[in-house]
1. Give me the percent of Cα-Cα pairs in chain D that sit more than 29 Å apart, rounded to a whole number.
2. If you wrap the range D:1-151's Cα atoms in a convex hull and average its projection over all directions, what's the area in nm²?
3. Jot down the radius of gyration and Dmax of chain B, Cα atoms only, both in angstrom.
4. Could you tell me which of C:254, C:304, D:218 has its Cα farthest along the dipole of the protein assembly as shown towards the positive end, charges placed at Cβ (Lys, Arg +1; Asp, Glu -1), taken about the Cα centre?
5. Go ahead and set up a Gaussian network model of chain D, Cα springs under 10 Å, then flag whichever of D:188, D:282, D:252 fluctuates most.
6. Take chain B, connect every pair of alpha-carbon atoms lying under 10 Å apart with a spring to form a Gaussian network, then pick out the residue of B:49, B:135, B:120 with the largest mean-square fluctuation.
7. What does the charge dipole of chain A about its Cα centre add up to, to the nearest 20 debye, if the Cβ of each Lys and Arg holds +1 and the Cβ of each Asp and Glu holds -1?
8. Which shape class applies to chain A: rounded if a/c is under 1.5, otherwise prolate when a/b exceeds b/c and oblate if not, where a ≥ b ≥ c are the square roots of the Cα gyration tensor eigenvalues?
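Rule-based calculations on the coordinates, nothing more; no lab input. In this text the structure is predicted, and so the values were computed from the model without any measurement. Don't worry about glycine lacking a Cβ; one is built from the backbone with ideal geometry, like all the others, and counts go over all protein chains shown.
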Amino acid sequence: MLLEARGLLKRFPGTVALDGVGFGLAAGEVHALLGENGAGKSTLIKCLTGAYRRDGGEILLDGQPVDPRSTFEAQELGIGTVYQEVNLLPNLTVAENLTLGRQPRRLGLTSRRGMRALAREMLAGYGLDIDVERDLGAYSVAVQQIVAIARAVHLSGKVLILDEPTASLDAREVAMLFEVVRRLRDRGLGIVFVSHFLDQVFAISDRITVLRNGRHIATTEAATLDRVRLINLMLGRELEQATTHGRTAHDAGAEVLRAEGLGKRGRIAPFDLSVRAGEVIGMAGLLGSGRTETAEVLFGAAAADSGTVRDAKGPLDVSTPARAIASGFGFAPEDRKTDGIIGDLSVRENIALALQAHRGWARPIPRAEQRRLAEDFIRRLDIRTPGPEKPVGQLSGGNQQKVILARWLAMNPRFLILDEPTRGIDVGAHAEVLRLIEEMVAGGMSLLVISSELEELVAVSDRVIVVRDRSHVAELTGQEITTDAIVRAIAAPGANLEAAE
Amino acid sequence: MTALLRRIAPQLLTLLAVLVLVTVFFPGFLSVGFSGDRLVGSPIDVLKRGAPVALLAIGMTLVIATRGIDLSVGAVMAICGAVAAAAVDRGWGLGAAIPLALGAGLLCGLWNGFLVAVLRIQPIVATLILMVAGRGIAQLVTAGQILTFSDEGFAFLGSGTFLGLPVPAWAWILAGIVAGLVVRRTALGLLIESVGVNLRASRLAGVDSTVLLVTVYMISGLCAAVAGLIVTGDIRGADANNAGLWLELDAILAVAIGGTSLLGGRFSILASLIGAMIIQSINTGILLAGFPPEFNLVIKAVLVLMILMLQSPRLSDAARGLATRRRRTDEGAAAPRAVKEAPR
Amino acid sequence: MNLRRLPLYATIAIFVAAYLLCWLQFPNILSTRVAGNLLTDNAYLGIAAVGMTIVILSGGIDLSVGSVIAFAGVFIAVMLRDTGLHPLAVFALLLILTTAFGAAQGALIHALAMPAFIVTLAGMFLARGIAYLLTLDSIPIDHPFFESLQKAYWLMPGKGRLTLLGVLMLLSVLGGMLLAHRTRFGTNVFAIGGGEGTARMMGVPIGRTTILIYAFSGFMAGLAGIVFAIYTAAGYPLATVGVELNAIAAVVIGGTLLSGGSGTVLGTLFGVLTMGLIQTYIVFDGTLSSWWTKIVIGLLLFLFIVLQKGLLKVGLSRRTA
Amino acid sequence: GFSQIGSESGWRAAETTVTNQEAEARGIQLQFSDAQQKQENQIAAVRSFIAQGVDAILLAPVVATGWDAVLEEAKEAEIPVVLLDRMVDSDPSLYLTAVGSDLVHEGEVAGQWLVDHVADQPCRVVELQGTTGSSPAIDRKTGFENAIKGHDNIEIVRSQTGNFTRAEGKTVMESFLQAENGGADICALYAHNDDMAVGAIQAIKEAGLKPGEDILVVSIDAVPDIFQAMAAGEANATVELTPNMAGPAFDALKAYWDNGTEPPKFIQTESKLYTQADDPQAEYDRRKDLGY
Ligand SMILES: Nc1ncnc2c1ncn2[C@@H]1O[C@H](COP(=O)(O)OP(=O)(O)OP(=O)(O)O)[C@@H](O)[C@H]1O
Ligand SMILES: Nc1ncnc2c1ncn2[C@@H]1O[C@H](COP(=O)(O)OP(=O)(O)OP(=O)(O)O)[C@@H](O)[C@H]1O
Ligand SMILES: [Mg+2]
Ligand SMILES: [Mg+2]
């Protein structure tokens, strides 16, 4: 075994995140690490790489006991890691992020030119031609994700660990990533791969280890496992019904909202959007095409500089989020860490926040009421938390996502925008979210769902808007909505340029 | 209730330790007696003298909870004291002086809040502007003199006694209770904490952060105004140069000793108030113990450092880790290292 | 060119514009004499501000610098008075002391996870307290070596003096620029300022870097103390009260974000010069009463910051448009 | 050019006012610069006075040391410098003259008054010091101690800094009272300035004692408020430090310009002692508009 963990133990107040987990990674294999949200995958990785101090158990590298006390030491041992939340610094340039700690030097000073060259070299092979001297923060999550991967690959002499690296990548980039991963595997590296996309798991991995509730459940050859069994292993139960394609046709309701000529210079070209009651509008496009911008303009997060929004009764004010919310809008943002959760506050407070802000500070929601609300959603969305008073920052990524969904469901808005709602969510929860979407729509709510997962869009949408180059370019309805059609619309003339960029 | 106790336990213990320490150096420290109908004694002195810092700490706690800081409170004290003294001096009476002073405090808070929330200037710098200019404004009001007055009602604010306790002590205790109630019985506390932890996310959840930030700085200004009234009443004169000088640092220290993170988020007004009393006990203790004044700063620095070290989460973690390790080794098991997550 | 330089350009533009405005009112102000004075009079502040810049870039703050400068002066004066050591030896000793002092603060900040504001606040009390213990008086320094240092200058055309102290400050800025922008340590500082947790995950040695950052600030404060001692030829425990706030203001005017992770050392130089210009302007004006002086300083500070914000906004929108 | 220290006390404000009045009366145009208690600002101010080419510089130095370089620059530029109210350690050739009082002497006058007043009675004195490290605090302490030396009946039992402020004077006095048996053991208070004394008087009153009788109060500066207290019998004595330093300075300058008369290097102002016998009410009325 290249990297081996025996009897790993990690406790957090109120949770045992790892309960005697064993894990073995061979050289030259891609080893998938799977489990529900909160199963302990990220914790295992953090213990292996010295980001967390473990409470017990031992780690062996090449048969020798090692004890990385910091990620720095892990890197020195040849373990490169992409952690779940992109762990790069937006205030540094791409090149600085890539070369941090290993900057080429001349005469004791770091060399700009050397850094630039090294960075370009590291990024080669990912089809990403970006200005490495610009701040990383100027780029989208996807670009950052790729940069993080490139960095980890560069650092990994022996082991590469990828914790949900594909969560915000689209198909083309995933393919490119897998290309790189295979190359590394063939060079004899051991690669740990975490993902909730089972297709990707089956596509790339040699072996699979499943964790549940902090325990090791099984390790098997990927080839011997089928999808259903894998899901059973992960959930410890049958998934009631794997959602299949095809949304039951709706009677198109009356129009409830209409945006006309809404846009913001330099961000998104003016667009029209009509929303009917109980309708799900999907939004597809390449990374950086302007989907998030559309949502932000609609919600007042980035104030529009042209256009109007109105409903049957008259114009609506959506110039700030608070006003948009007052007009019955809701928005679950894409980047949950910076835009979504209030890390130090409890699950209860996070769920009640939007409702409370809407009611104003003078009309507090009684604590008991908040608790009831929180417990209700914890049950309904199956949020894995020891209780409603747990700080939300300590939940696993997928569970944080559910808390944000709960926040907006508690508001019961008439028009809810979900930007990548299933990012980082496990299969069980994924099905759950899709079911919730159905439920909401049945209750008369209208949705705008932004997603990079085309199947998901096809499954839920009544209508799909395709965004390209910061403008809305196509709209598919009813039978037209197929993955193929969407891909074609995205890739229409001009898109190649964008992709090549 | 128990949660509250657990929250303020470190502060209470520290206060106790400081009191014991001072008593060692000055044995009569803890004695309280009656003189006529009012209580006298060092503990009462601490309650009274600690009033300005305690009042400032109330506002400062809220400001810090939003991830801000207010360096201007000392200058605002001077402005408000000067305004009140000038009003009394012109014979407008206390009825006009107090509202004017409080209004001035609110105005200062509004200005700070405007800079921070609307112009988005970083809080330290935004309030540094008023810290510098504010004292000038105060001197403008008093024309550079110590504006002395002889209004007994005003003096009562600073040095009077009510039901045995000094009026300043009443002021901060009441202000603390009111602020505590307002913040915790409404949703203000939740919203402040949410803005302090993650401004962007809070805005996206519909929290009106602008109004909230302005409000918080206005509360801080108001607290400073009350503190300014008290020190002015106390010496029966508005001393624009020295009123509240460097008190902002003590107030920030009180909040920090009270365990509220300077990075915003969770806060406790009660703990900050205990922090203020800890600082005042040290100050009074130094005065009573009779060391030469050149030792004051060193003593204070060492005590503050010790207090902070004792309260440091890392140290208590390490101590706990040490305890578990000992237990484990007792059991004969291998000794794993102390848990250190240290979320910062 | 580069987006992150925008605040720097804004600062420089405002400084130049302000200087020209002052010149319109007082033609004298554009003499080399005033320029030389500007450098000399602000040398200690500039040096301390370079250290402060590094600290602030890392997302920290160092309130102890003013006190450390005072301590340095007193220490030098007392040592020169009471021992036969050569000033250079005293300087070396002092720099070791203040660097260790800074390192100790950094160690506390890191090891105990305490906020820098509070630790350095205690450090501020401590340094001045120790200065008091050394002496209460102001002690003159009349060592011949000191005099030669003080008198070392190069007469610029127009009778302005480019003093050793001014040059020392410019060198410090240069050194700071290299350190911040051209070393691994510097990038680590930016990394910590951008997000300590993230930086840790990326393998930045947080503890070591934090200690080094504050040690550097302590070193620069010690150096500033030496400069101040040369400048005034005395040690005085009450000197340079509140200089830390001036340094912070200079850093921020220089376009560095107090929240850390973004800024330049060169900007700090212009921040310092801007503060000096405000001071000079007020003296040239010469009609302001004590209180109006304070109010005007506050207003000018406000004006500069708002102008800078405005310029930044214009620059940014031009870029995205 | 006039480089003033700041406006940290009423006395300082009065000095500024009087200087302006004196300048106006003589038709002199005054460039004023306030250093906010910082020597570095003062040095910068003097430098820019030189750069502007003023005719003379009045300097109220915040601290005695560290003036050599700028004074030499002034000398090179042939601008006469007159020091006000505090001295510097520099070579006397660098300035024209200094106008001021002798701080040590002030302390001695105050101490002497106490010595005379209590005669042979035992007297436990508490002292309110000025800002730690400032020269008035050091010198006035020394002077007072000189005066009581050899009088074993007088003893300083407690000494703390009140930072020259009224509020701290009061706070510190409260703790003195607290520490000295409710004040019963204190015979006299010596304050380094009147502001602290005024604060302390309030503390004494609030403790139920009579300042001026139960506890003697002697202080320095002679600001209006202390005369009010004396008129009320609450303070006993104060030593005057006149804010009119500029008058003699201007006179000296005029003489120097008119006929090159070199003034003496030190023009000492009188340190006059005022007691309750000196019609304090009249003194108060005389001073109250001087901008204290
Ligand atoms: N810093 C922390 N403090 C307290 N509890 C934590 C912390 N980090 C993780 N946990 C808890 O540990 C458990 C495992 O979390 P982990 O992040 O490892 O899950 P995961 O398998 O990566 O889930 P996901 O698929 O959602 O990323 C969860 O119950 C979580 O609440
Ligand atoms: N490949 C890329 N090259 C350069 N810049 C990019 C790229 N991808 C995204 N960006 C930038 O990232 C920013 C964010 O884009 P935005 O979030 O609007 O895209 P999106 O369509 O919502 O995509 P997604 O949500 O999938 O990231 C844009 O300003 C864009 O300029
Ligand atoms: Mg995870
Ligand atoms: Mg997006």
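1. 36
2. Averaging across all directions leaves 10.4 nm² for the Cα convex hull.
3. Expressed in Å, the Cα Rg and Dmax of chain B come to 21.5, 81.
4. Most positive-ward Cα: C:254.
5. D:282
6. B:120
7. Computed about the Cα centre, the dipole is about 1280 debye.
8. Taking the square roots of the gyration eigenvalues as a ≥ b ≥ c, chain A is prolate.
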